[in-house]
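Read-outs: derived from the displayed coordinates by stated rules, not from any lab. Note that this is a predicted model, so its numbers are computed, not measured. Note: ideal-geometry Cβ built from the backbone for every residue, glycine included; neighbour counts use all protein chains shown.
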Protein chains: 4
Amino acid sequence: MKLTKEQKQEILDQQSQQNTTKRVTSSELEKILYEAMPVLDHGFIRVVDYMGDDTSIVQSARVSYGKGTKKVSTDSGLIKYLMRHRHSTPFEMCEIKYHVKLPIFIARQWIRHRTANVNEYSARYSILDKEFYLPSSEHLAAQSKSNRQGRGDLIEGDQAKKILDLLKNDAERTYNNYEMMLNERFDGSTIDENKKGLARELARMNLTLNTYTQWYWKTDLLNLLNFLSLRADNHAQYEIRAYANIMLDTVKKWVPIAYEAFMDYRVGGMEVSAKGKLVIQKLVKGEKCDYENSKLSKREWNELMESFGFTEKMI
Amino acid sequence: MKLTKEQKQEILDQQSQQNTTKRVTSSELEKILYEAMPVLDHGFIRVVDYMGDDTSIVQSARVSYGKGTKKVSTDSGLIKYLMRHRHSTPFEMCEIKYHVKLPIFIARQWIRHRTANVNEYSARYSILDKEFYLPSSEHLAAQSKSNRQGRGDLIEGDQAKKILDLLKNDAERTYNNYEMMLNERFDGSTIDENKKGLARELARMNLTLNTYTQWYWKTDLLNLLNFLSLRADNHAQYEIRAYANIMLDTVKKWVPIAYEAFMDYRVGGMEVSAKGKLVIQKLVKGEKCDYENSKLSKREWNELMESFGFTEKMI
Amino acid sequence: MKLTKEQKQEILDQQSQQNTTKRVTSSELEKILYEAMPVLDHGFIRVVDYMGDDTSIVQSARVSYGKGTKKVSTDSGLIKYLMRHRHSTPFEMCEIKYHVKLPIFIARQWIRHRTANVNEYSARYSILDKEFYLPSSEHLAAQSKSNRQGRGDLIEGDQAKKILDLLKNDAERTYNNYEMMLNERFDGSTIDENKKGLARELARMNLTLNTYTQWYWKTDLLNLLNFLSLRADNHAQYEIRAYANIMLDTVKKWVPIAYEAFMDYRVGGMEVSAKGKLVIQKLVKGEKCDYENSKLSKREWNELMESFGFTEKMI
Amino acid sequence: MKLTKEQKQEILDQQSQQNTTKRVTSSELEKILYEAMPVLDHGFIRVVDYMGDDTSIVQSARVSYGKGTKKVSTDSGLIKYLMRHRHSTPFEMCEIKYHVKLPIFIARQWIRHRTANVNEYSARYSILDKEFYLPSSEHLAAQSKSNRQGRGDLIEGDQAKKILDLLKNDAERTYNNYEMMLNERFDGSTIDENKKGLARELARMNLTLNTYTQWYWKTDLLNLLNFLSLRADNHAQYEIRAYANIMLDTVKKWVPIAYEAFMDYRVGGMEVSAKGKLVIQKLVKGEKCDYENSKLSKREWNELMESFGFTEKMI
């Protein structure tokens, strides 16, 4: 992650603010406010604003005049109860805003979460930074054999080197040609005074999908947790998970009680179907129960056994 | 508006907070934070939290690393430009939360604005306050003759008195019977120790629609302005306009530049149709133009003439 | 449920349509299209339009040129897979529209589901029907002792009779006074030619919350299933469950495969938390596990035991 | 636009359906249902399903039991009134679904319209088609001097040829390397039996932004019109306008009355600010009014004069 001297100064200026407010504040989150936390090779994520804390969830659940909080243990019990029973609206009462730098192919996954506010850097209006994502060697994996949308074994040696060279060369070549067509370099200098530059809204089409873009992204806590339950999950593509994991950490700093409930009921929890429940009941009672008499599909049987750690029963 | 001693104290406790934050603050809005501003006879509205200010609009429009602001005049020009061209997403980057006490029939209009977060006081769970809205005499109007969903002349004298008596008596009677069915009074005292009380989720059905309820309501600036452009408009029902007008004032304190642009382009502005444009063009050129050759419906012709103040041309 | 002769004729006219279309149709749903199915004492629900069927889910999941369907068993497997893994967007590709007549206090619960399109009968513009909900004796229950938002034992005998009389009399009285204030009866006749009527937008505030209203309500299959998983659940208030159960039946006719997956994975299924998972694992392995060493709250322990049917372990 | 023999057959199969339905149908839209209408060099757009017609708008606005329609002229008057006064909810009662093939950089603009349902072809799961957008010579324009996000003069001659060559070569090269990394060609054949292929979710990052993708996109009429008012506008990028113009035509076939109202009040209409209104009033009254005493910014003055066709007053 490279920041220009000017960008660093702008961030420092924000961080040196000492404003007085009657609003609730989250002291742990304040500590990292505005900080550019590196993600992947050139990306970052920054918390740039927030509203509310754990007490805001309690306050709105109780529709109270004041803070609405009682003892910490009572508040914590209420938040857990709300999470367990999917009483979701009180979690919408907290809001957070991030500034994110990320590769375009990841931005395209991310934007599928619709209940959020977004302002993206406009490549119709401005020239994109000359930065593109290249996977590090421990993430250069082959197509999975078992999961049509996942990764399998690592690719190593010569083939890995060749792939990384292709990615790097193609990104650089297309970016250079982007500048050529614009007749302008990223630093603003003109290439050929006698020529016009192609419209930016057209030239951008030559860039590869690993080019970095950036945006402001704002959402409420409920929708953030929905995002994280999908994107911090190990079925998510590694590159978006890298962002999600850091965001999960910001949630922990911001609303520690809600975070704990989320980890217990969502991330660590699981859903069992009606048929799956019958299987578990038989297993607890010590009745005979195997795949053949379970009425589950093979895939579902294995998912159930795996999630409870009964891997010896997988077929 | 009545607040209990305990409620007043809770509000004072909130107002006495002096927290330090690196977030941007809106100094004028801070001054009235948490304050219960009276609306109608028993209602109120309070700003209980907010996020961002005018600079947040500019910052996200520019996707900047720092505050994103330049000179005040430049920022103001950008915000006006965004408002004029309905570049709406930067206005979503500011968020506000209100605590509102309001009659149920107004809550039913309000909730039609879907892009907001809401937690309402639950009458399945708790007993509603013994408070109902009664219009003051200057708002007791007859059905309009010309507008099927509006008010006409005032109703005065005996008829007014009789109507107010009916409203008052029916609200009181149904509330008393609500307590009777619950076998419990609003203050929590039991009426008859030997009886069970009807379930709250059932008993509430006996209340009239002017009973007050309350909720936490949170939305972003864009959706708040959409709400206000409809509900602070003089076609809106007076009772919701009373809330909208106070909210408009909180917008002025919070984001004064966006407020000014909103008043100029939305509230004070108007939409002219393609056919209406032809009429205006002819009028400016001094060409003959009247209803007959305008191709407008009578109603639309009159709306156009009225909004430009050419009332002598109305038919 | 009363329908006027004119309303019955309008419904018959709709049902007698025989249009030809290239769109997919759902033959079972066509059979009940437009039919007013009675709910509660005066309410109804009608399916008035729909778009798509089970094959539409498959088609969009595959982004196919044609129907996208293969063998029925393959399609069914895909839909179950999508449901199990909460791949939700393909379920948004089916849409349905209902016409519903329902008591206002239920409409207020219903409208909390925001991702839907709604047009409600306007009491600013028109006079509401003289119909109000009165619970039948088998639903007249006392407040639950254990669940602050639920029902407990039935109320019977004299107390039941008295409550029903209060509900009936108050609804009738307030409705009669509503007509009086309007100076107009429901049938359109004027009460006193020498008087003005109070504006409708004001007079309505005198009505009780069990007065019936009606609306058109349109949503996609995903959001409909979310609605049903909350409102057809036995924690939902009986009066909204009565609607949800009939809607569940329309889903079965419309998209039978998605319905079956929904019943297995959502309605009949359950969520187990990380801590709950540990409990189940111990129970299956025959290890000692009781409330004391479970780290669950008492409430959560009991919910878990109950949902697996291990009621002998509840405390 | 190339379709495989199999794709053509699938479309023909859909078009040959002759289903009977009690739902309303739109006869003009039925004629083009499923047809792949070419857009740009390799894109297309197809209407694959719809719900409702003009009468559905009227029906829900009236919350009627039957069709809700009266005379055509009355219905048309109501729809125009709803459009003029932005009574938007009845327009949400019609729904349409498109299958679209479009370049990725256009998909990224399109997806910013959040109130829609989308299923995109997954490049984590499948290999993208070997097709990329190349502008035709009449759309190869230089960056505008006056509008930072628009196009100016055409680029012609050698420079044009060079740009098109760059775009073509870079797209082909990066696509070939995409296949190389996948170790699999678009037709499914393996390149080197002794090698693993890079995971699809990674390999796709090498593609350029003009590569075609495809999706199912479903929305209601209100949100479709909002989309079209922005994207069929001449400030929109040409490439998305090409899609919007064809969609506008499908709206005309589907809901001709709503289409006409939209063209009059939205597309052909304009918004005048409070200050702009004062200018127009003076001009009509023949009072002196020029830029200096208008209180408008220069830019806004020119926009106002231009939109009314008073171009001689522009400065």
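Beta carbons within 10 angstrom, averaged per residue: use that to sort the peptides A:97-108, C:20-31, highest first.
Values: A:97-108: 23.7, C:20-31: 17.6.
Listed from highest to lowest mean packing, they are A:97-108, C:20-31.
Scale the Cα Rg of the stretch A:150-191 by the rule-of-thumb value 2.2 N^0.38 Å and send over the ratio, two decimals. Working shown, then result.
On the way: Rg = 15.7 Å, N = 42, 2.2 N^0.38 = 9.1 Å.
Rg over 2.2 N^0.38 Å, computed on Cα atoms: 1.72.
What average count of beta carbons from other chains do you get within 10 Å of the Cβ of residues in A:220-228? Each step should come with its number before you reach the end.
On the way: counts 4, 0, 1, 0, 0, 0, 1, 0, 0.
Per-residue shielding by partner chains comes out at 1.
For the protein assembly as shown, what ratio Rg/Rh do Cα atoms give with a Kirkwood hydrodynamic radius?
Taking Rg over the Kirkwood Rh, I get 0.95.
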Legend entry - For A:90-98, mean number of other protein chain Cβ atoms within 10 Å: 5
Legend entry - Whole-angstrom gap from the stretch C:116-147 to the stretch D:67-99, using each part's C-alpha centre: 29
Legend entry - Rh by Kirkwood over Cα pairs, then Stokes-Einstein D for the stretch D:137-206 at 1.002 mPa s and 20 °C, µm²/s: 145
Legend entry - Volume per residue of the C-alpha convex hull in the stretch B:274-313, rounded to whole Å³: 65
Inset, instruction - Note down, for the stretch A:249-315, the three equivalent ellipsoid semi-axes (square root of 5 times each alpha carbon gyration tensor eigenvalue), biggest first, whole angstrom. - result: 32, 12, 10
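Determine the sum of side-chain charges near B:G150: Lys and Arg each +1, Asp and Glu each -1, restricted to other residues whose C-beta is under 9 angstrom from that of B:G150.
Details: positive: B:R148, B:R151, C:R124; negative: C:E201.
Value of the local net charge: +2.
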Legend entry - Cα pair count fraction exceeding 19 Å, expressed as % - the stretch A:46-113: 47
Legend entry - Helical contribution to [θ] at 222 nm, DSSP H n ≥ 4, -39,500 (n - 2.57), averaged over the protein assembly as shown, rounded to 500: -12500 deg cm²/dmol
Inset, instruction - Per residue of D:290-299, count partner chain C-beta atoms within 10 Å of its C-beta, then hand back the mean as an integer. - result: 1
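Roughly how many debye, to the nearest 20, is the charge dipole of chain C about its Cα centre, given +1 on each Lys and Arg Cβ, -1 on each Asp and Glu Cβ, and no other charges? Walk me through the numbers before you get to the answer.
Details: 48 positive and 43 negative charges, 233 e Å.
Around 1120 debye, computed over chain C.
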Inset, instruction - Name the nearest-to-axis residue of chain B, judged by Cβ distance to the rotation axis taking chain B onto chain A, and quote that distance in whole Å. - result: B:M51, 2
Legend entry - Calculated diffusion of chain D, Stokes-Einstein form, Kirkwood radius summed over Cα pairs, 4 °C and 1.567 mPa s, µm²/s: 56
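Which order do peptides B:246-257, D:6-17 fall in by mean Cβ count within 10 Å, highest first?
Working: B:246-257: 19.8, D:6-17: 14.2.
My ranking of the peptides, most packed first, is B:246-257, D:6-17.
Which number comes out as Rg/Rh for the stretch B:81-174 once both Rg and the Kirkwood Rh are worked out on C-alpha atoms?
Numbers: Rg = 19.3 Å, Rh = 17.5 Å.
The Rg/Rh ratio comes out at 1.10.
Less than 13 Å Cβ to Cβ from B:E10, Lys/Arg counted +1 and Asp/Glu -1: what total charge do the surrounding residues give? Display every interim value, and only then the final one.
On the way: positive: A:R62, A:K67, A:K70, B:K5, B:K8, B:R46; negative: B:E6, B:D13, B:E35.
Cβ neighbours under 13 Å give a net charge of +3.
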Inset, instruction - State which helices in chain B qualify, where a helix is a whole DSSP H run, it must extend 20 Å or more along its own axis by its Cα atoms, and its mean Kyte-Doolittle hydropathy must be at least -0.5. - result: B:238-254
Legend entry - Size-normalised alpha-carbon gyration radius of the stretch C:166-315, reference 2.2 N^0.38 Å: 1.73
Legend entry - Over the stretch A:186-242, equivalent-ellipsoid semi-axes from the Cα gyration tensor in Å: 38, 14, 9
Inset, instruction - Identify, among C:V47, C:W215, C:H113, the residue whose Cα sits farthest towards the positive end of the charge dipole of chain C, taking +1 on the Cβ of Lys and Arg and -1 on the Cβ of Asp and Glu, with the dipole about the Cα centre. - result: C:H113
Inset, instruction - Determine the sum of side-chain charges near A:L164: Lys and Arg each +1, Asp and Glu each -1, restricted to other residues whose C-beta is under 13 angstrom from that of A:L164. - result: -4
Legend entry - Amide H within-cut-off set for C:T213, under 5 Å, with H built and near neighbours excluded: C:L102, C:I104
Inset, instruction - Using only the alpha carbons of the stretch B:2-47, determine the length spanned along each of the three principal axes and report them from longest to shortest in whole angstroms. - result: 38, 21, 11
Inset, instruction - Past 23 Å, Cα to Cα, is the threshold; run A:K285/A:K313; A:K277/C:K145; C:K31/D:K252 against it and keep the listed order. - result: A:K277/C:K145; C:K31/D:K252
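If you put +1 on each Lys and Arg Cβ and -1 on each Asp and Glu Cβ, how big is the dipole of the stretch C:137-206 around its Cα centre, in Debye rounded to 20? Mind showing how you got there, number by number?
On the way: 12 positive and 13 negative charges, 69 e Å.
Dipole size: approximately 340 debye.
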Inset, instruction - For the stretch C:270-312 and the stretch B:149-184, write down the distance between their C-alpha centroids in whole Å. - result: 54
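Can you give me the relative contact order of the stretch A:139-293 as a percent, contacts being Cα pairs under 8 Å and 6 or more apart?
Here the relative contact order equals 12 percent.
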Legend entry - Average Cα contact separation per residue, chain C, under 8 Å, 6 or more apart, as relative contact order %: 21
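For the stretch C:107-229, count all C-alpha to C-alpha pairs, find those more than 23 Å apart, and express that count as a whole percent of the total.
For the stretch C:107-229, the fraction of Cα-Cα distances above 23 Å is 51 percent.
Would you work out the Kirkwood radius for the stretch D:1-86? I mean one over the mean of 1/r across all pairs of different Cα atoms, in Å. Could you put the intermediate results ahead of the total?
Working: mean 1/r = 0.0638 Å⁻¹.
The Cα-based Kirkwood calculation yields 15.7 Å.
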Inset, instruction - Evaluate 2.2 N^0.38 Å with N set to the residue count of the stretch A:17-164, then give the Cα radius of gyration divided by it. - result: 1.46
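Regarding the stretch B:237-284, what's the average projected area of the Cα-atom convex hull, expressed in nm²?
Details: hull surface 19.8 nm².
That works out to 5.0 nm², a quarter of the Cα hull's surface.
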